[in-house]
1. Give me Rg/Rg_expected for segment A:3-101, where Rg uses Cα atoms only and Rg_expected = 2.2 N^0.38 Å with N residues.
2. Specify the residue with the greatest mean-square fluctuation among B:A46, B:A177, B:A95, computed from a Gaussian network of chain B linking alpha-carbon atoms under 10 Å apart.
3. Mark the label point 7 Å from the Cα of A:K115 along Cα→Cβ and return the residues of segment A:11-38 whose backbone N is within less than 17 Å of it.
4. May I ask you to list the trypsin sites (Lys or Arg not before Pro) in segment B:34-123 that are in a DSSP loop and have at most 16 other Cβ atoms within 10 Å of their Cβ?
5. Only Cα pairs under 8 Å and at least 6 apart count here; give the relative contact order of chain B as a rounded whole percent.
6. With 27 Å as the limit, write out which pairs from A:K31/A:K127; B:K132/B:K180; B:K66/B:K110 have Cα-Cα distances beyond it, or answer none.
7. Where the eigenvalues come from the Cα gyration tensor of segment A:94-186, what are the semi-axes √(5λ) of the equivalent ellipsoid, largest first, in whole Å?
8. For the protein assembly as shown, count the residues as N, evaluate 2.2 N^0.38 Å, and divide the Cα radius of gyration by that value, please.
Amino acid sequence: MNEDDRRLLEMKNTSELMLDLAYSSLIYQNKVIAKEVIELEDRVDRLHEAIIRSALGKSKEPKNFDRSLIMIKISDSIERIADAALDIADVVLRDIELHPVVKKSLEDSDVVIQKHVVENGSLLHGKTLGEIKLATETGVWVIAIRRGYDWIYGPDEGTTISGGDILYARGPADSEKIIAPWIKGK
Amino acid sequence: MRRARLEKELKEEHGEIPYEQTSVRELLTLMKDTTELITDLAYAAAAFENDELAEEVRHLESEMDKMMYQIRLKCMLGARNMEAAEQMTGILQVASATEKISDAAEDMVKLLDMDLELRAILPHILSEADEKIHTIAIYPGSDMVGKTIGQLMMESYTGVRLIAVRRQNRWIFGPDANTKLFPNDLMIVRGVESGYREVREVAHAEIPWSEVVH
């Protein structure tokens, strides 16, 4: 993987995180999360620009032309997805009372946004997300963790979970039942 | 269920368009669900350079356009005063964001119409994504044979989401809880690596499904 591949990958992962965060900010009417979507959009914009610059630079050599075109097109699509996430988060930041239908329709989705409080003494306490393989075991993908006043967005395998953490996550509708015993204290 | 709901909405499109709160709700759910599917399909179409997947992306995008039109009509009919109108702008902003996503997905598959070697670049990049796209064949002796997606609760037990199934010469896109799996089905899935390995082992009849459910 070269630098541009890594940029494109980060854009893809970030755009997906942004969408999940945007829906979370809507469901929980949470402006802190909505503002993080704006921050992430800035990062996506910078990555997008870097990819275009690099692709244009390399396209002077005919053998790189196709590759440059592919990178620009894919990067452009991902940037627009990130932009759509920003539009969703913007609804939360505009101080207009949300129509109840929006929250209800998101709750009916195949992929539901969920919020869980990790109880003290739960199976997750003191473990990293990589150790417990939460996504594999429960289908639940953690998108943000609130710990007191701190937020961790897009936690990775090395992120440790503690009792008292509030997990914002997405997963299939039936995953909420499956994760329940994991977050309960003994 | 997704398909049945879509057809119902399309029938409505050609008849009277009454203002129904539930219908806006259903449309918005369907639009959001479609964006999840269409982006996965677009990445898969580009990574595997598969025209049939790309065709479904184009189809879903045109359905999204129709749904967007429907939801606009319904919101306009529902806005009886300033406060309601303001609330409707929120609904429409979310709906048009989902439409924007499907547009971006369709643009991605346009790359397939150009004479480019996508295969040389994309699978390589996508293979490092947090959630990867894979194909898995179901072998005749697998525990998955004869089970529905709902019975298996595959995504909840493995973190692996089924995007599409290829059965002989036809495709099932965005399979739902009632979709039953058959021998030699080819699944296109999205998920984390450890879950993918579990699903593959069961699909290849190497381990029983009960070993995954614990």
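Bear in mind these aren't lab numbers, they're just calculated from the coordinates by the rules spelled out. The model shown is predicted, which means the values in this text are computed figures rather than measured ones. When we count neighbours, we look across all protein chains shown, and the Cβ atoms used for this are built from the backbone with ideal geometry, even at glycine.
1. Dividing the Cα radius of gyration by 2.2 N^0.38 Å gives 1.27.
2. The residue with the greatest mean-square fluctuation here is B:A177.
3. Output list for this probe position: A:20-37.
4. Listed in order of number, the matching sites are B:R80.
5. Result for chain B is 20 percent.
6. From A:K31/A:K127; B:K132/B:K180; B:K66/B:K110, over 27 Å: A:K31/A:K127.
7. Working from the Cα gyration tensor, I get semi-axes of 24, 16, 12 Å.
8. 0.98
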